[in-house]
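The values are calculated or read from the model by the stated rules, or taken from the named source; none is laboratory data. Computed from a predicted structure; not experimentally measured. Cβ placement follows ideal geometry from the backbone for every residue including glycine, while neighbour counts extend to all protein chains displayed.
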Amino acid sequence: MNFVDVATLVSEETRGWMVLERENLRVTSEISSEMEAVKDILAGTIAGAFGILVGQPLDVMRIRAQTTWAGQSLPLQARIFRMVRQEGLLAFYKGVLPPMVGAGAQHAALFLAYGSVTRFLNSNSGEDQLPSLYVVAAAGAAGGAFSSFVTAPVELLKVRQQVLEARGGSGMLALIRDVVASEGVGVLMSKGLTATIGREVIAYGCFFVCYEYIQRKWATIFSKDPHKIPLHVVYIAGGVSGVLCWLPSYPFDVVKSKLQVESKSKETMISCAKRLFANEGPQGFFRGFMITAVRSLPLDGLILVTYTFTLRQLNSINALTN
């Protein structure tokens with residue numbers, strides 16, 4: 001074997017090792033992405049379920065304010081006292097079953113899509129490089145759109161139960177049977193879906209941008225690592241972002257609730273919005289907003305703290321096992 005043959009053999013062997021190394025890196029990257037997705041799902045599920053338990057009472061009042069309380073002259077306190085007197089304290093947890101069952105899927109879908117899109121759009125940057133706020137906005141909007149297909153049917157059942165039980169309606173299983181029998185299975189997905197997508201895309205695009213901006217500002221001011229923000233700062237950032245994201249998206253939420261609560265209505269999102277504006281004016285699109293803001297400030301902070309804490313614990317466990 002001459003020198004040329006040896007050089008050729010070494011070159012071919014080197015190329016073989018390079019191909020193998022690239023394949024190993026690809027497989028490792030895929031496994032890493034799958035693990036990140038699993039952690040997003042687990043953390044989102046736990047945070048979503050916890051958020052439903054804490055926020056359900058104010059959510060009941062929000063839906064009532066948008067629908068059955070609309071047009072009433074009674075003060076808010078009087079309406080609440082009358083609801084408790086007529087329906088009992090458990091009225092604050094009417095409609096809790098659909099979101100409790102679907103909370104895991106809703107928030108898992110949201111955080112899975114947000115995390116996946118962020119990693120994809122930020123893949124050309126360094127691993128420790130924070131994504132730009134444009135990337136964050138796009139990922140948040142994508143997460144909102146993706147989760148809407150879980151959120152819409154869950155919220156339809158929740159809204160119907162919260163409102164219709166107050167009118168003497170039946171329980172959840174009976175409600176599902178009535179909806180499917182009278183309107184078909186497709187209504188669970190189609191009714192209010194467009195308004196839900198509009199709300200979620202705007203809300204979560206805004207939410208994650210505000211959340212990231214507040215965290216990064218805090219990290220800059222106090223010269224801290226933005227990857228290791230204290231949980232009390234996460235709570236504040238989540239709560240403030242939650243309130244701010246409702247401002248541009250709340251009109252979609254009011255229209256969605258009105259569409260979903262009426263079983264016989266064939267209105268579209270546009271026609272419902274036109275009717276609401278004609279009957280109540282611009283203020284009709286913000287009916288119940290103060291209840292939502294009061295609910296959102298602590299609730300979104302708690303959800304983000306729960307998600308962040310769970311994700312950090314999962315990362316710690318993953319680091320110990322590797």
Inset, instruction - Would you tally the residues in the range 248-279 being more than 18 Å from Glu183 (Cβ to Cβ), in contact (Cβ under 8 Å) with a residue 24 or more places away in the chain and among the β-branched types (Val, Ile, Thr)? - result: 2
Legend entry - Single unsatisfied condition, Met189 versus (1) over 13 Å from Pro153 (Cβ atoms); (2) of a type outside the set (Gly, Ala, Ser); (3) touching a residue at least 40 places away in the same chain (Cβ under 8 Å); (4) surrounded by fewer than 21 Cβ atoms within 10 Å (Cβ to Cβ): (1)
Legend entry - the range 197-244, subset small (Gly, Ala, Ser) and without any contact (Cβ under 8 Å) to a residue 24 or more places away in the chain, residue nearest to Thr151 (Cα to Cα): Ala219
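Being part of a helix (DSSP H, G or I), closer than 22 Å to Met172 by Cβ and at pLDDT 80 or above, is that true of even one residue in the range 140-147? Talk me through it step by step, then tell me what you get.
Within the range 140-147, the subset part of a helix (DSSP H, G or I) is 140-147.
Applying the additional criterion that residues be closer than 22 Å to Met172 by Cβ yields 147.
Of the ones still in play, those that are also at pLDDT 80 or above are 147.
Within the range 140-147 (the criterion being part of a helix (DSSP H, G or I), closer than 22 Å to Met172 by Cβ and at pLDDT 80 or above), the answer is yes, since at least one residue qualifies.
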Inset, instruction - Could you pull out the residue among Lys217, Lys224, Lys264, Lys228 that is over 16 Å from the mean Cα position of the chain (by Cα) and closer than 24 Å to Leu188 by Cα? - result: Lys264
Inset, instruction - Give the range 257-288 a look and list any residue that's touching a helix residue (DSSP H, G or I) at 6+ places or on another chain (Cβ under 8 Å), assigned to a helix (DSSP H, G or I) and more than 30 Å from Ile214 (Cα to Cα), or say none. - result: Ser257, Lys258, Leu259, Gln260, Val261, Met269, Cys272, Ala273, Leu276, Phe277, Gly284
Legend entry - Qualifying residues in the range 101-130 (those that are without any contact (Cβ under 8 Å) to a residue 60 or more places away in the chain and assigned to a loop (DSSP other than H, G, I, E, B)) - the one nearest to the chain's Cα centre (by Cα): Asn122
Inset, instruction - Determine, yes or no, whether Ala203 is surrounded by 14 or more Cβ atoms within 10 Å (Cβ to Cβ), at pLDDT below 85 and either of a type in the set (Asp, Glu) or farther than 14 Å from Leu97 by Cβ (or both). - result: no
Inset, instruction - Answer yes or no: is there a residue in the range 148-166 that is at pLDDT below 85 and not in a helix (DSSP H, G or I). - result: no
